[in-house]
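So the structure is just underneath, and the comments pick up after that.
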Amino acid sequence: MYQRDVYGQTLIEIGRKDPNLVVLDADLSGSTRTCLFAKEFKSRFFNFGVAEQNMMAASAGLASCGKTVFVSTFAIFAAGRALDQIRNTAAYNNFNVKIVATHAGVSVGPDGASHQALEDIALMRLIPYMKIIAPCDGPQTKDAVWAAYNTPGPVYVRLGRPKVPTIPGRGPFKFGEAEVLTNGKDVSIIACGIMLKQALDAAAILEKEKVNCRVINIHTIKPIDAKTLIDAARQTKGLVVCEEHTIVGGLASAVDEVVSENHPARVIRVGVRNRYGQSGEPEELLNEYQLSVNDIVSACKKVL
Amino acid sequence: MSQDKEIKFLEDKARHIRRLIIRMLVKAGSGHPGGSLSCADIITALYFKALRHKPNEPAWPGRDRFHLSKGHCCPALYAALSEAGYFSEEHLWTLRRLGSILQGHPDRRTPGVEVASGSLGQGLSVALGMSLAGRMDNKDYRVYCLMGDGETQEGNVWEAAMACSHYKCDNLCAVIDCNGLQIDGCIGEIMSLEPIGDKWRSFCWNVLEINGHSMPEILKAFEAAKAVKGRPSIVIARTTKGKGVSFMENVLEFHGRAPTKEEAEKALKELE
């Protein structure tokens with residue numbers, strides 16, 4: 001299932017319910033799948049062409065008139081190109097602007113470095129009022145988009161480009177509450193987005209070696225679920241944080257901040273280390289950037 | 001009110017607003033007198049004639065929207081809002097103080113401010129969003145956006161210029177306060193903008209070029225803009241930075257320096 005398809009379909013659901021929903025895109029509606037909404041609600045969809053800054057600032061104008069605005073483009077152009085418009089105009093006013101950014105991380109694949117956002121979580125975390133959700137699969141994308149809609153103020157939803165498997169056995173989605181998928185006592189593996197599947201695969205390998213992992217799906221990165229993290233720090237030997245993002249400022253930093261203030265514990269970061277992405281197939285890139293299942297297994301062994 | 005009387009009323013009001021600007025800035029000890037004085041006539045014309053609004057009901061859904069994109073000139077806006085009755089005059093003397101409803105750049109904590117501004121170049125996009133929302137809601141309100149000329153050096157402005165005409169935003173009227181100066185010097189020397197009118201015409205806007213200190217010309221331009229259908233209008237208002245205070249007029253220093261007590265006294269005398 002593509003997260004992007006689910007996003008487009010969910011927009012239609014919300015659009016049917018709420019006539020004040022407006023969707024904006026910057027010439028990528030086919031890729032972000034906002035085209036699905038555009039087809040059904042022509043008068044509530046605006047294409048801004050290749051002009052992300054204008055789109056982001058215009059979303060604030062629409063929101064000031066009572067609209068709930070979903071704004072989509074690739075993560076690199078949303079969080080990077082239009083950062084000042086997000087910071088000073090959409091978020092500072094605490095408007096109902098929901099940025100749903102697709103094509104995050106190295107798994108974008110062949111398009112290479114310029115299109116692989118590895119810093120967007122960090123950039124959005126820095127902005128007051130901004131909330132961040134990075135759903136792990138198709139069904140959770142639907143929950144995340146609804147949560148973004150239902151949560152007042154600005155929200156950033158991070159989606160990937162590739163098809164993702166559906167994670168079995170998940171419970172209901174609760175905004176701001178991490179989901180503990182396996183309740184092991186040896187090591188905690190904390191992941192978001194497509195890295196959750198990698199984390200579960202790593203846990204399965206470790207299980208065979210009699211290592212019990214606590215796999216935590218931390219779909220909401222801001223506000224972060226401090227309690228679940230502090231419990232993990234208390235009850236396991238250490239935390240391995242996995243994200244398709246630079247190790248600076250993103251999920252790992254968010255976890256570090258909570259743990260170091262409340263219950264200092266070992267935190268090992270599985271993420272991109274001060275590098276740009278490059279062309280390649282998603283699987284190859286996950287290996288190249290040390291985001292593979294084996295990299296997570298090795299990180300867990302460092303903790304033990 | 002007869003037309004002559006109305007013009008006289010607005011000119012007097014603009015002079016009073018200039019006095020308030022000087023008094024606010026000398027009290028605050030910092031701020032931007034030059035651009036506030038250059039746009040004082042335009043803002044007066046908006047708040048006391050052109051805009052449909054209810055100062056005692058700032059969120060009235062039918063109100064015309066005004067967005068000050070050149071946010072640093074908010075003293076002019078705050079003075080007009082206070083004079084119009086959005087809040088009492090005493091707030092003006094708290095400008096730029098901790099906890100004040102009057103921040104150094106516009107903020108939604110001020111009654112009458114729709115959207116914060118300060119980071120230049122984004123206001124026309126905000127106005128575009130308001131314009132699209134009005135059309136979607138079948139509301140007949142108009143949207144006004146005041147920019148500075150230096151501000152239009154921002155690329156974001158031209159993205160918005162393109163989009164406003166693409167979406168045929170005829171409920172939108174932009175104004176450029178062309179006072180010819182920016183922080184580092186004359187606009188022609190720092191980064192040329194001329195021919196400004198031709199630039200906007202080439203983006204398919206209805207362009208009205210006026211003397212931005214002539215109250216009749218300002219009112220006429222807003223009326224003319226209303227009548228144009230199928231495209232947005234822009235008023236290129238030629239102004240003088242620091243207008244109304246002889247020693248501030250065209251003086252670069254007063255872009256971003258508040259007057260001293262002595263200077264303020266002198267300025268207020270000139271504005272009597």
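The aspartates and glutamates whose alpha-carbon is closer than 15 Å to the alpha-carbon of A:Lys131, local same-chain residues fewer than 8 away aside, are A:Asp120, A:Asp143, A:Glu177, A:Asp225. Taking the 0 to 90 degree range and rounding to the nearest ten, how far is the long axis of helix A:251-262 tilted relative to the main principal axis of chain A, both from C-alpha atoms? Result, in degrees: 60. Spin-label model, B:Glu11 to A:Glu177: label points 7 Å out along the Cα-to-beta-carbon direction sit 6.9 nm apart. Bridgeable aspartates and glutamates around A:Lys208 (alpha carbons under 17 Å apart, same-chain partners fewer than 8 residues away excluded): A:Asp186, A:Asp295.
In chain A, the longest principal axis of the Cα atoms and the axis of helix A:138-150 are about 60 degrees apart.
Label reach from A:Gln235 (point 7 Å along Cα→C-beta): in segment A:150-188, amide nitrogens under 15 Å belong to A:178-188.
Applying 0.36 nm per residue to the separation of B:Lys261 and B:Asp140 and subtracting their alpha-carbon distance, the gain on full extension is 39.0 nm. Mean per-residue shielding of peptide A:273-280 is 0, counting Cβ atoms of other chains within 10 Å of each Cβ. Take the Cβ atoms of B:Ile190 and A:Lys39, set R0 to 60 Å, and the FRET efficiency comes out at 0.80.
When all alpha-carbon pairs of chain B are counted, what percent fall beyond 28 Å?
Above the 28 Å cut-off, chain B has 29 percent of its Cα pairs.
Cα centroid separation, segment A:1-47 to segment A:241-301: 32 Å.
Taking other residues whose beta carbon is less than 14 angstrom from the beta carbon of B:Leu146, and scoring Lys, Arg as +1 and Asp, Glu as -1, yields -3. For chain A, the Cα-based Rg and Dmax, in that order, read 18.4, 58 Å.
Largest first, the extents of the alpha carbon coordinates of segment B:167-272 on the three principal axes equal 51, 32, 18 Å. Seen against the Cα atoms of chain B and their longest principal axis, helix B:3-28 is set at about 60 degrees.
For the protein assembly as shown, what mean projected area does the convex hull of the alpha carbons give, in nm²?
Details: hull surface 109.2 nm².
Projected area, direction-averaged: 27.3 nm².
Given the pairs A:Lys185/A:Lys237; A:Lys222/A:Lys301; A:Lys237/A:Lys302, which span a C-alpha to C-alpha distance of over 18 angstrom in this model? Table pairs above 18 Å Cα-Cα are A:Lys222/A:Lys301.
Once the convex hull of the C-alpha atoms of segment B:1-115 is built, how many Å³ does it hold per residue, rounded to a whole number?
Cα convex hull per residue, to the nearest whole number: 95 Å³.
For segment A:129-198, relative contact order (Cα pairs under 8 Å, six or more residues apart, normalised by length) works out to 41 percent.
Take each residue of peptide A:14-20, count the partner chain Cβ atoms within 10 Å of its Cβ, and average: the result is 1.
Straight-line cross-link reach from B:Lys13 at under 29 Å between alpha-carbon atoms covers these lysines, not counting any fewer than eight positions away in the same chain: B:Lys5, B:Lys27, B:Lys49, B:Lys54, B:Lys70, B:Lys220, B:Lys226, B:Lys241, B:Lys243, B:Lys261, B:Lys266, B:Lys269. Taking a point 7 Å from the Cα of A:Leu126 along the Cα-to-Cβ direction, the residues of segment A:74-110 with backbone N closer than 13 Å to it are A:79-88.
So if R0 is 60 Å, what FRET efficiency would B:Arg108 and A:Lys210 give, r being the distance between their Cβ atoms, rounded to the nearest 0.05? After rounding to 0.05, the efficiency reads 0.55. Calculated FRET efficiency, B:Trp60 to B:Glu253, Cβ-Cβ distance, R0 = 35 Å: about 0.30 to the nearest 0.05. Remark: mean inter-chain Cβ contacts per residue of B:156-164 equal 5, using a 10 Å Cβ-Cβ cutoff to other protein chain atoms.
Coordinate-derived values only; no laboratory data. Bear in mind that the values here come from a model prediction, so they are computed numbers and not experimental data. With ideal geometry, Cβ positions are generated from the backbone for all residues, glycine too; neighbour counts draw on all protein chains shown.
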